[in-house]
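Colleague: Questions regarding the structure given below will be posed in turn.
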Amino acid sequence: MDTNKLRPSEIVGCIAGVILVLSLLFLPWYDLAENPERAAGNGFICGTGEYSCTGFETFPILRWLLIGAAAAPLILAWIVVRGHKLSWPPGEMTMVVGFTAFVLIFYNGIIDPPGSQIEEIGVTEATGYYVALLGSIGIAGAGIARAMEAQKGNLRRTPGTV
């Protein structure tokens, strides 16, 4: 194992993965406003009487996908340190995982917020949601940077060009 092989892109990716996990577990993703439905004791997506919840509490399946996405930069760093040979440039899968995490987080916050019908009223994104978006962008960016570093000397041209 040679830790000298690690580049700044892998370190940034690992930090972004840690940020994603910390925002998922500890920072509030959604805040609920008081409305007549909640005053009656219904419509709590975070648990009865809870007006703030984390991403881990809110999404039973997405939480595990995001933890797996946060592990992608760590796996990339492990591959680089161990010197494993890949059939694709290192960082490409990390980039894809980062973009996938971004799309999943974006979809579950902006396009289809948690809750159904009346429960969706008064649900706003909190700081943890935006920190998770930044963490996923960091993972994707680190993957892009690593893939570009790996392909620097191996530029392929389009067939038929000079």
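Colleague: When the accessible area of segment 91-145 is computed with all protein chains present and a 1.4 Å probe, what percentage of it is carbon and sulfur?
Modeller: Ligands and nucleic acids excluded, carbon and sulfur give 72 percent.
Colleague: Can you give the accessible area of residue 149, probe radius 1.4 Å, in Å² rounded to 10?
Modeller: Residue 149 exposes around 60 Å² with every protein chain in place.
The values are calculated or read from the model by the stated rules, or taken from the named source; none is laboratory data. Since the structure is predicted, the reported quantities are computational estimates derived from the model, not experimental observations. Accessible surface is based on the protein model in full, side chains and every heavy atom, while ligands, DNA and RNA are left aside. Shrake-Rupley method; radii C 1.70, N 1.55, O 1.52, S 1.80 Å.
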